[in-house]
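Have a look at the structure below before the remarks.
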Amino acid sequence: METAVRKATIRRLVLSRRGQLDPADRAERGVALIGRLLHLPEVSEADPVLAFVSITSEVPTAMLLQAVLKTGKRLLLPYVADDGALRATAISSLDELEPGYRGIPEPRARLPVSPDSAGVVIVPGVAFDEQCNRLGYRGGFYDVFLRAAGSVPRVGICFDVQVVDAIPIEDHDESVDVVVTEERTIRRRRLE
């Protein structure tokens with residue numbers, strides 16, 4: 001099966017699984033996941049934290065964003081710039097967000113900060129596998145963005161129902177270092 005077709009099949013299956021989670025169950029799982037994430041050394045020791053604002057049935061990130069702001073750490077959030085590229089900027093309050101690309105909340109201020117200045121990048125995804133490969137929504141935004149982040153630790157977050165056996169990868173696909181779900185933490189195995 002062609003890679004693009006395999007990716008589309010996984011995307012459809014996983015989005016359906018995630019969408020079938022009961023909203024109350026999803027919220028409960030989200031609280032457990034964010035609690036696990038906040039205790040992860042890559043996150044607890046990082047400053048600034050580059051995260052994202054969740055949409056639809058994604059892991060709800062509001063608790064994470066508020067926790068980062070409450071600690072006094074700098075919070076960086078992405079936005080889609082006029083040139084179509086994903087950029088990041090610092091915010092000091094969630095009140096600084098407004099609907100942006102495809103209605104996704106984005107920072108109103110557009111003062112770009114290089115992603116490689118972050119202490120950690122917390123990444124959304126449709127699916128992840130146990131090798132920490134990531135399947136996104138098809139835009140390629142995060143693949144380019146993660147390349148620009150260089151060696152900054154990358155943490156993918158998703159519900160456990162979004163972890164699959166294997167994601168077909170292509171040369172342009174960027175993986176993460178760690179995947180955190182409400183049930184487990186998966187670290188990428190490095191080849192010796």
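Criterion first (surrounded by 14 or more Cβ atoms within 10 Å (Cβ to Cβ) and in contact with a strand residue (DSSP E or B) (Cβ under 6 Å, 6 or more places away or on another chain)) does residue 29 satisfy it? No. For residue 69, the requirement of being farther than 15 Å from residue 157 by Cβ, assigned to a helix (DSSP H, G or I), free of Cβ contacts under 8 Å to residues at least 60 places away in the same chain and among the aliphatic types (A, V, I, L, M) is met. The one condition from (1) farther than 23 Å from residue 116 by Cα; (2) modelled with pLDDT of 95 or more; (3) not in a helix (DSSP H, G or I) that residue 46 does not meet is (1). When residues in region 134-170 are screened for being open to solvent by 30 Å² or more (accessible area, probe 1.4 Å) and assigned to a loop (DSSP other than H, G, I, E, B), 11 of them pass.
Would you be able to say whether some residue in region 125-133 is polar (S, T, N, Q), touching a helix residue (DSSP H, G or I) at 6+ places or on another chain (Cβ under 8 Å), more than 17 Å from residue 37 (Cβ to Cβ) and open to solvent by 40 Å² or more (accessible area, probe 1.4 Å)? Within region 125-133, not a single residue is polar (S, T, N, Q), touching a helix residue (DSSP H, G or I) at 6+ places or on another chain (Cβ under 8 Å), more than 17 Å from residue 37 (Cβ to Cβ) and open to solvent by 40 Å² or more (accessible area, probe 1.4 Å). Which is touching a residue at least 24 places away in the same chain (Cβ under 8 Å), among the acidic types (Asp, Glu), at negative phi and in a helix (DSSP H, G or I), of 95, 173, 116? That would be 116, the only listed residue that is touching a residue at least 24 places away in the same chain (Cβ under 8 Å), among the acidic types (Asp, Glu), at negative phi and in a helix (DSSP H, G or I). Pairing residues of region 1-24 that are more than 13 Å from residue 159 (Cβ to Cβ) with residues that are charged (D, E, K, R) and open to solvent by 90 Å² or more (accessible area, probe 1.4 Å), at Cβ distances under 9 Å and at least 6 apart in sequence or on separate chains, gives 7/138; 8/138; 11/138.
Whether a residue is open to solvent by 10 Å² or more (accessible area, probe 1.4 Å), out of contact with any His (no Cβ under 9 Å at 6 or more places or on another chain) and over 30 Å from residue 16 (Cα atoms) was assessed, and residue 71 passes this test. Residue-level analysis places residue 116 among those that are open to solvent by 80 Å² or more (accessible area, probe 1.4 Å) and either out of contact with any Leu (no Cβ under 9 Å at 6 or more places or on another chain) or under 16 Å from residue 43 (Cβ atoms) (or both).
For residue 4, the criteria (1) assigned to a helix (DSSP H, G or I); (2) under 20 Å from residue 179 (Cβ atoms) hold in every case but one, which is (2).
The values are calculated or read from the model by the stated rules, or taken from the named source; none is laboratory data. Bear in mind that the values here come from a model prediction, so they are computed numbers and not experimental data. When we count neighbours, we look across all protein chains shown, and the Cβ atoms used for this are built from the backbone with ideal geometry, even at glycine. For accessibility, only protein heavy atoms count, side chains too; no ligands or nucleic acids. Shrake-Rupley method; radii C 1.70, N 1.55, O 1.52, S 1.80 Å.
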